[in-house]
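Right, one structure below, let's go through it.
The values are calculated or read from the model by the stated rules, or taken from the named source; none is laboratory data. Only a predicted model underlies this, so the values are computations on that prediction, with no experimental measurement involved. Here the Cβ positions follow ideal geometry from the backbone for every residue, glycine too, while neighbour counts run over all protein chains shown. Protein only, heavy atoms only, side chains kept; ligands, DNA and RNA dropped before computing areas. Shrake-Rupley method; radii C 1.70, N 1.55, O 1.52, S 1.80 Å.
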Amino acid sequence: MKKNILFVAIVVFFLSSCKKIFNLPEEKPYLSPDANYTSAPVLRPILGRNTLFSYFKSDNSSFPIKFEIINFSNLDRSPTDKLNLKRNVLVWKQAYTGNEKSIEEINAKRSIEERPLFEVNSAGEFIMWSSATDADFLKPQPDTAYRFNVKISNGGGERVLGPLFLAPLATRPYEPSYHLNEITALPRKEVSGAVKRLIPATLVNMVGVTTGNPLVRETGAGTTALKQDVWVYFKRKGDGNTLTIKFFDKDSIAINPLKFNGTNWQKLIHGFNPVISPTSVKYDVAYPIPLTNLPTPYTTPDGLQSLLTLSYNRIGFSGLRVVATMTLPFNIYQAGDWEIVFFFHNENPKFEDE
């Protein structure tokens, strides 16, 4: 052990002596002439969501680098004060794990800070905070963008990059939202002229109680023969922090959620204090859903969306057990009292055994 310590001491002394003997220069800060934002210069955040853009390539420049947004203006270069807008945002100060047992435990890991709604951080990443609204940044077409430069500097010098462009998209407070126009958030329409609907991601082994035919997620997409047996609605009912799951039959009569007897209601989402009634299941929740991109038992494998898996069991023909399932990956970005409604508008599902 003493020999090892002596050897390390000799090496350190030798290296320090070499530096003095050979007069090696101290490492100086370096700012590469090729440091830049490498992706397309147009940033298109959806307002109402925390959005991070990581496009900066340092090309071996020395950190720390100071990043500063400058020359922020309208597209025609006329001045705007949008860069000065600040608001309270939620910032994680401890890591979310997915094992938290209450909203209070989750909120104890977050703090409220006042931040610019659009900013650049110390890594050169752009952040649009979820507190930014349509009223803050959305512009009428065709002038939908802002332009700006980024000044970067360290001990090795400074450069001005850009121009870059910020073209925010209208708020869509939940996903999926493919039934809405991505720029205006107005409803899309089908080929037939009917309003485009949300549908489950999967619909397996469900049959109609009247016909016995399989219920379909979608057939005839893009044609006037389009058929969808289940529609999904997201409805914001208030300013609280709850999420309610509901089901309705073709006559708009509530279906008892306990008919989905293969569903683990206690573990369906990362929610608390579930209240199961003959018409709904209601949870206390923290928003957004999911809270982060961490994969948990409540999310898709990549952690990007929460995942509803709704199922029931019944005995089919020949005495075989049939497991019927319906899934919906989703996000909700805006806090509130939200409902997710599944509407079997064509034919009621069969829950009874054969």
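Residues are listed down the side, and each one gets a yes or a no for (1) part of a strand (DSSP E or B); (2) surrounded by 12 or more Cβ atoms within 10 Å (Cβ to Cβ); (3) touching a residue at least 60 places away in the same chain (Cβ under 8 Å):
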residue	(1), (2), (3)
D59	no, yes, no
S62	no, yes, yes
F67	yes, yes, yes
N71	yes, yes, yes
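Exactly one residue out of S122, S177 is modelled with pLDDT of 95 or more, part of a loop (DSSP other than H, G, I, E, B), polar (S, T, N, Q) and surrounded by fewer than 16 Cβ atoms within 10 Å (Cβ to Cβ): that is S122.
If I filter region 325-352 down to residues being within 20 Å of the chain's Cα centre (by Cα) and polar (S, T, N, Q), which single residue comes out as most open to solvent (accessible area, probe 1.4 Å)? Working first, answer last.
Filtering region 325-352 for residues within 20 Å of the chain's Cα centre (by Cα) gives 327-340.
Checking which are polar (S, T, N, Q) leaves us with 327, 331, 334.
Numbers: T327: 27, N331: 11, Q334: 81 Å².
The qualifying residue most open to solvent (accessible area, probe 1.4 Å) is Q334.
Pairs meeting the criteria (first residue in region 92-106 and free of Cβ contacts under 8 Å to residues at least 12 places away in the same chain and within 20 Å of S130 (Cβ to Cβ), second residue surrounded by 12 or more Cβ atoms within 10 Å (Cβ to Cβ) and aromatic (F, W, Y), beta carbons under 9 Å, at least 6 apart or on different chains) are lacking.
Test Y312 against the criterion of being open to solvent by 40 Å² or more (accessible area, probe 1.4 Å) and among the aromatic types (F, W, Y), and give yes or no. I'd like the intermediate steps shown before the answer.
Details: open to solvent by 40 Å² or more (accessible area, probe 1.4 Å): no; among the aromatic types (F, W, Y): yes.
So Y312 does not fit the description; no.
Which pairs have Cβ atoms under 6 Å, sit 6 or more apart or on different chains, and link a residue in region 260-272 that is aliphatic (A, V, I, L, M) to one that is open to solvent by 20 Å² or more (accessible area, probe 1.4 Å) and modelled with pLDDT of 95 or more? Listed by first residue and then by second, the contacts come to I269/Y298. Just one of the listed residues (P278, P274) is at pLDDT 95 or above, of a type outside the set (A, V, I, L, M, F, W, C) and open to solvent by 60 Å² or more (accessible area, probe 1.4 Å), namely P278. Can you find, within region 196-220, the residue that is surrounded by the fewest Cβ atoms within 10 Å (Cβ to Cβ) among those that are at pLDDT 95 or above and not in a loop (DSSP other than H, G, I, E, B)? Taking the candidates together, the pick is T202. Among the conditions (1) in contact (Cβ under 8 Å) with a residue 24 or more places away in the chain; (2) open to solvent by less than 60 Å² (accessible area, probe 1.4 Å); (3) of a type in the set (A, V, I, L, M); (4) under 26 Å from N107 (Cα atoms), the only one that I255 does not satisfy is (4).
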